[in-house]
Structures are given as structure tokens and as C-alpha cells.
Amino acid sequence: MVRAGLEDRAGAETSHVLTGAAGPADPPELAIPAELAAARATIDNIDAALIHILAERFRCTQRVGHIKAVHHLPPADPEREGRQISRLRALAEQSGLDPDFAEKFLSFMVTEVIRHHEDIRAEYHAGTPDADESGVS
């Protein structure tokens, strides 16, 4: 690793890290400030945690889909979805995150979950009279 002192726009010296293994997102010939590399490493770790958390969430929603199918409940639950939107918008505001972004993210997930629940329901009820109904209200 080579450190080079460069002046930023404010005139303060900034340390840059030059490496031959900058990663696929950063061409090796590009000088990356150490602070930027550290921030990106933190983002990469958070992204990995998000993926693991999303995988766990979807395992839970798959279980819910099976429970709904066994009890002949519809894949969608608009009342719960409304409560979830309100709850996550409030959490987003408390966390300094744009509530509209949080709602869009939740809506994307709910759309996927409903699709999974419809598939699960179809598997459980294949060949029964209600197999052709989507159950989405």
C-alpha cells in the first residue's frame, strides 16, 4: 500500500491509498482516499448484513405463506400491510430515513411476498376448485 499526500479543494492534505487490488468497483489505477475506502468497506459490510436479514425475513414470510395456505387465508392482507406501512414510516422518520423511501422498499418486499404466497397457495390447492383464485384483495 502506498500513501500519497494530496491537497483537497479546501487546501487540507488528504491521504490517498494506492493499491493494486482496489476491487471490482474501483479501477486499480485510480487513487482512492483511505477515508473513502474505509467508508465503502463499511457500506459493503452493511450490504452483506442487509442481505442476510432479508434472507431471514423471507424465510419467515415463507412460513407465513404455508400457514395461510393450510388455513385457506388469502395471500394478501391489506389491513396488515397498511399497519406495516404506518409503522415503518414512523421508524424511518425516527431513524432519519426518508419515509417515502422506506414505504417504497416495504412495498417492493410485500409484492414479492404476496407472489410467493400465491405460489405456495397454488401448490397446496392444486386441483381444488379455489386453485384458480389469486386470493389477493
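Only the coordinates and a few stated rules stand behind these numbers; no lab work does. In this text the structure is predicted, and so the values were computed from the model without any measurement. Methodologically, a virtual Cβ is constructed for each residue, glycine included, from the backbone with ideal geometry; neighbour enumeration extends over all protein chains shown.
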Exercise. Taking 0.36 nm per intervening residue step and subtracting the Cα-Cα distance, what contour gain separates Glu79 from His66 on full extension?
Worked result: 2.7 nm
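For the pair Glu35 and Glu56, what calculated FRET efficiency results from E = 1/(1 + (r/R0)^6), where r is the Cβ-Cβ distance and R0 = 41 Å, to the nearest 0.05? Show your work: numbers first, answer last.
Values: r = 32 Å, r/R0 = 0.78.
Working from the Cβ atoms, E equals 0.80.
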Seminar exercise, completed: In whole angstrom, largest first, the equivalent ellipsoid semi-axes that the Cα gyration tensor gives for the stretch 30-108 are 34, 18, 8
